[in-house]
Amino acid sequence: MNINENYLHLQDSYLFITIAKKIAEYQAKNPGCPVIRMGIGDVTLPLAPVVVEAMGRAVMEMGRAETFRGYGPEQGYDFLRRAIANHYARKGVGLGEDEIFVSDGAKSDLGNILDIVGAGNTVLIPDPVYPAYVDTNIMAGHRIAYMDGNMGNGFLPLPDPYSERDRDRKADIIYLCSPNNPTGAVYNKEQLALWVGYALENDALILFDSAYEAFVRDEGLPTSIYQVSGAEKCAIEVCSLSKTAGFTGVRCGYTVVPRALERGGVSLGKLWLRRQTTKFNGVPYIVQRGAEAAFSDEGLTQNRSNIDYYRGNARIIAERLTQLGIWFTGGVNAPYIWLRCPDGVSSWAFFDRLLDRSHVVGTPGAGFGKNGEGFFRLSAFGRREDTLAAMERFTL
Ligand code: PLP
């Protein structure tokens, strides 16, 4: 057999391995010195009570012959797709249940969606960004063009028809992540409308990752690309309950493929349904009942209070950085704070310095793309007492 040689073009993923190694070395040299980890992108608060109760009831149903369920619909149970459609209706977006596909998380869908995309596409990916976009496209053998995020554009790259990038290399697929991991930057409606306009004009497809939408509190900012008109003809939205409802270990997400989204007279929703029904057997019933509860009024209120807790952490981090005169973005409508390393030091040099001087661990920006060099990500997903202690110790 021949292997998929595209895998040989992947860069080894050293980021979190190197971080773990550096922490272990530091702790061996400084036994008993407590290190505070502010690098992780995982939640720390437990599930909302209403979600736990719903999953408990579902477990009991599975234990009785009259209510036991085997294979469910691959694209998700009607009750959950209805709950997700209601969630969108509250944002002013009308979706049919057949436009919603439930999955085990955004990461799977972001990789799997490439199954319905033909060969030889040019894919436009922001830099810096969540690394899975790049790796899945390398695996699929697509051509990648990068769009630069930097302090000049607030880490929110826009279409630029006059640039070499967009003039000579028309993008077929565009990844947008808002609120952004790692920068915490959020596109406004006017900026998203520029991308929708560009995609419609060029017959391109936008893959919009809204995994952190629940952190957006600014009423004027969009939480879905479908809040921009025309997006239903050019965008697929991928979202997740991981950060919305603390489901990182439970696993549930969803992808929206609008009915109006067609290429060459072919419905992309039909292709995705065929893909999912062939290669995926659905999310556990118990999990889907938990997800349904997360979208109930009570669930939304309980999860909102968890998100407020993380936003409170972000405020504490932002106050300390402001005090120290460090440039940063994010942390208001996002759980990440993206800071510029002081004194022009590199991301990794700042990592070492912060560990050594403050015993605090963050994530070097260079791990998210070349434009991340010289920047650093702090996460607000930690516990309050750890965030307070870390910021007290935080020195340059
Ligand atoms: N998209 C972004 C931008 C993320 O940061 C993450 C996780 O950190 C994911 C998707 C993955 O989400 P899930 O847990 O639903 O697979």
* Structure fact -> With the dipole of the chain defined by +1 on each Lys or Arg Cβ and -1 on each Asp or Glu Cβ, the option from Gly290, Asn4, Val256 whose Cα lies farthest towards the positive pole is Gly290
* Structure fact -> Projected onto the charge dipole of the chain (unit charges on the beta-carbon of Lys, Arg, Asp and Glu, signs +1, +1, -1, -1), the Cα from Ser346, Ile23, Ala380 with the largest positive-side position is that of Ile23
* Roughly speaking, what is the centre-to-centre gap between region 175-237 and region 294-369 when only Cα atoms are used, to the nearest Å? -> 22 Å
* Asked: Got a number for carbon plus sulfur as a percent of the chain's accessible area, 1.4 Å probe?
  -> 52 percent
* Rounded accessible area per residue of the chain, 1.4 Å, Å² -> 44 Å²
* Over 24 Å (Cα to Cα) - which of Lys189/Lys279; Lys22/Lys370; Lys91/Lys243; Lys233/Lys270 fall in this group -> Lys189/Lys279
* **Relative pair counts by distance (%), Cα atoms of region 91-154, 5 Å bins** => 4, 14, 20, 18, 16, 16, 11, 2, 0
* Structure fact -> The distance between the Cα centres of region 29-52 and region 97-157, in whole Å, is 28 Å
* Based on DSSP H runs of at least 4 residues, each adding -39500 (n - 2.57), what is the mean residue ellipticity at 222 nm of the chain after dividing by all its residues, to the nearest 500 deg cm²/dmol? -> -11500 deg cm²/dmol
* To do: Report, in cubic angstrom per residue, the convex hull volume of the C-alpha atoms of region 275-359.
  => 193 Å³
* Global geometry of region 51-295, whether rounded, prolate or oblate, following the gyration tensor of its Cα atoms and the 1.5 cut on a/c -> prolate
* Lys91-Thr122 FRET efficiency (beta carbon distance; Förster radius 30 Å; 0.05 resolution) -> 0.45
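The values are calculated or read from the model by the stated rules, or taken from the named source; none is laboratory data. Given the structure is predicted, the values throughout are model-derived calculations rather than measurements. Virtual Cβ from ideal backbone geometry, glycine too; neighbours counted across all protein chains shown. Just the protein is used for accessible areas: all its heavy atoms, side chains included, with ligands, DNA and RNA removed. Shrake-Rupley method; radii C 1.70, N 1.55, O 1.52, S 1.80 Å.
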